Amino acid sequence: MGGTRPQRRIAADDRGIAEVVRQLKAGGIAAVPTETVYGLAADAANPAAVARVFRAKGRPAANPLIVHVANREMAARYAEIPPLADRLMARFWPGPLTLVLPRRADAPLTGAVTAGLPTVALRAPDHPVMQAVIRGLGRGVAAPSANVSGRLSPTRPEHVAELAVPLVLDAGPCRLGLESSVVKVEEDRLVLLRPGSLDSATLAEAAGVPVELAGAGAKEAPEAPGTAFRHYAPRLPLDLDVTEAAAGRFLLGFGPVPGDLNLSPAGDVAEAAANLFAALYRAETSGAERIGVAPIPAEGAGIAIRDRLQRAAAASRDRP
Ligand code: AMP
Ligand code: MG
């Protein structure tokens, strides 16, 4: 927790952004806001900086990082861009869609970013501060979520406190609150490696090709390495699809289930997504012994919410 060095939270104004860019240029790391969750940023071309990211998070070396780019043009320095990927970029970038593409041989990346894979995961974030950081550095920013590996993702600057990172660029709460959807682009199909903010029905409709679920059916469909690891673990046991209050259990409500804190009284899954991780942080420090979560419908962002909660429940069952 926290590390030995103090953590400084600075406003995401021009001065703050310039300070973070200086840090990144010097091989340092900093926590930065995006529209999905806070990221732990490093220059993707700098081996020492990327090593710092893995160390700060305690992230397994086999779990590659997403490289954040300003736009398609910058993406083309790193990956081959087949026509299908082009269409997706035109439609969804900047936004919460990460594309896994064949890595260019001359991509200016240090090997640890892609964990030695022949592919690279690229995303253009839709956040003015993160865009300014990327443009300031002038090249790709490697940025996994700014949490200790296995823990809840931070959607508020104060939740980065668990991580040993000297600098947090504070732009308030993240608008979407769930990580990006990670999609592997193949010639005539898409494989959803990680469900996320952008739901696969919307994706399939725009792409005009099927979106297969990693691991489901097609044996050859790979999972994102990251989904194999313990993830999103709250500090308390977590129960899903709970509708009744019970002593000692902090209930996250949804719609008509009020709970101790309602993720979305209106029953809006996008609103619930934006509140999810902050609500889990709140629940685990409430003094309760368990956390319960009301049923969330498996539609739109609800699919990714359910994915995160199922992983959180599983992780909370085999806590160390
Ligand atoms: P995070 O960095 O915490 O947002 O997680 C990024 C996710 O993208 C993890 O699940 C990674 O395993 C996945 N990922 C990153 N690069 C690749 C890649 N080249 N191929 C497949 N999955 C990837
Ligand atoms: Mg993560």
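What follows draws every value from the coordinates through simple rules; no lab data is involved. Computed from a predicted structure; not experimentally measured. Heads up, the Cβs are rebuilt from the backbone with ideal geometry, glycines too, and the neighbour counts pull from every protein chain shown.
The table that follows gives values for the structure above.
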| quantity | calculated |
| --- | --- |
| Square roots of five times the Cα gyration tensor eigenvalues for the chain, Å | 30, 24, 17 |
| Theoretical ellipticity at 222 nm over the chain - DSSP helices of four or more residues, -39500 (n - 2.57) apiece, nearest 500 | -8500 deg cm²/dmol |
| Signed unit charges on C-beta, dipole axis of the chain, positive-most listed residue Ala314, Thr155, Pro118 | Pro118 |
| Using distinct alpha-carbon pairs, which all enter the 1/r mean, Kirkwood radius of segment 113-154 in Å | 12.3 |
| Directionally averaged shadow of segment 11-155, computed from the convex hull of its alpha-carbon atoms, nm² | 7.8 |
| Nitroxide proxy distance, nm - points 7 Å out along Cα→Cβ at Arg104 and Asp14 | 3.2 |
| For segment 249-320, convex hull of alpha carbons as volume per residue, Å³ | 77 |
| Segment 107-264 shape via C-alpha gyration tensor axes, a/c threshold 1.5 | oblate |
| Span-like helix ranges in the chain, DSSP H, alpha carbon extent 20 angstrom or more, Kyte mean at least 0.0 | 269-284 |
